[in-house]
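Derivation of every value follows stated rules applied to the coordinates shown; laboratory data play no part. This structure is a prediction, so every number in the text was calculated from the model and none was measured. No Cβ is skipped: glycine too gets one built from the backbone with ideal geometry, and neighbour counts run over all protein chains shown.
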Amino acid sequence: MHLILEVIKGRRSVVRFKPRPITDEELSLILEAGRWAPSYANSQPWTFVVVRDEEKKRKLGELVERMLILRPGRVALSAPGLGDPAVVIAVAVDTLKDPDHHVEAGAAATQNMALMAHALGLASFWAGIYGTPVEREVRRILGLPKGMRVVSLLPIGEAAYEAKSERVELSQLVRYEKF
Ligand SMILES: Cc1cc2nc3c(=O)[nH]c(=O)nc-3n(C[C@H](O)[C@H](O)[C@H](O)COP(=O)(O)O)c2cc1C
């Protein structure tokens, strides 16, 4: 399989992490992957807020937990908050720099970072925050200025379990020439 497809297919959303720190080198590779995401007119409207402080991570973890859709087969959290991610990266975007496409830009950066984390043997969980009831609280905790929104929170760490997910068959997703 092509290397990039292997990374894309291997990434899973994980909500519990082993307590192992992330190295500075791993963190900077992940942030670098975010930096090279595409954005409308190359506006690069993002700021990546890196949270390593335990108390802040706990608060953000509780908010992420509120966002969890617990389905059959999905791992339920045994304790409040996320199980100890080494770092949480908040993807904030400047709506003035990019009024029309800041969400897509933040999403592209989030995915780049999730893939890079996976390629490094780490796991992540994309919590979609934009426009949700918890976004305001995240903005307050992180001290975001006016005009900045939060697209996602991305806890990253070593996975504490093996997550599984499936996808709809390509034959059901693709039409040719017309819908
Ligand atoms: C934009 C976006 C927002 C998401 N927000 C949530 C969320 O609020 N709660 C949640 O349980 N999962 C969330 N997820 C994770 C998805 O549930 C997960 O990606 C999906 O079930 C597929 O699983 P996988 O990532 O392990 O392949 C989000 C994913 C994306 C792309």
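As a proxy for reagent exposure, Leu27, Leu153, Leu96 were ordered by neighbouring Cβ count within 10 angstrom, fewest first; the result is Leu96, Leu27, Leu153. Each residue of the range 84-93 was assigned a 3J(HN,Hα) from its phi angle through the Karplus expression (A = 6.51, B = -1.76, C = 1.60, θ = phi - 60°), giving 6, x, 5, 8, 10, 9, 9, 9, 9, 10 Hz with x at Gly and Pro. Among Ile141, Ile89, the ranking by other beta carbons within 10 Å of each residue's beta carbon, starting with the fewest, stands as Ile141, Ile89. By the beta-carbon count within 10 Å of each Cβ, the least crowded to most crowded order of Glu65, Glu6, fewest first, is Glu6, Glu65. Its Cα gyration tensor gives the chain an equivalent ellipsoid. The semi-axes, each the square root of 5 times an eigenvalue, are 24, 23, 17 Å from largest down. If r is the Cβ-Cβ distance from Glu104 to Arg140 and R0 is 22 Å, what FRET efficiency results, to the nearest 0.05? Working from the Cβ atoms, E equals 0.30. Computed about its Cα centre, the charge dipole of the range 15-160 is approximately 440 debye, with only Lys, Arg, Asp and Glu carrying charge at their Cβ. Using only side-chain charges placed at the Cβ, +1 for Lys and Arg and -1 for Asp and Glu, the dipole size of the range 84-179 relative to its Cα centre rounds to 300 debye.
Got a sec? Which residues in the range 1-22 would a label at Val174 touch, if it sits 7 Å along Cα→Cβ and we count backbone N under 19 Å? Under cut-off, by backbone N: 1-10. Distance distribution P(r), the range 87-141, all Cα-Cα pairs, bin width 10 angstrom from 0: 21, 50, 26, 3 percent. One compactness figure for the range 96-179 is 1.40, namely its Cα radius of gyration divided by 2.2 N^0.38 Å.
For the range 169-175, putting each phi into the Karplus relation 6.51 cos²θ - 1.76 cosθ + 1.60 with θ = phi - 60° gives couplings of 4, 4, 4, 8, 9, 10, 10 Hz, in residue order, rounded to whole numbers and with x for Gly and Pro.
Mind checking which helices in the chain clear 24 Å along their axis (Cα) and have mean Kyte-Doolittle hydropathy of 0.0 or more, DSSP H runs only? In the chain, the long hydrophobic H runs are 102-119.
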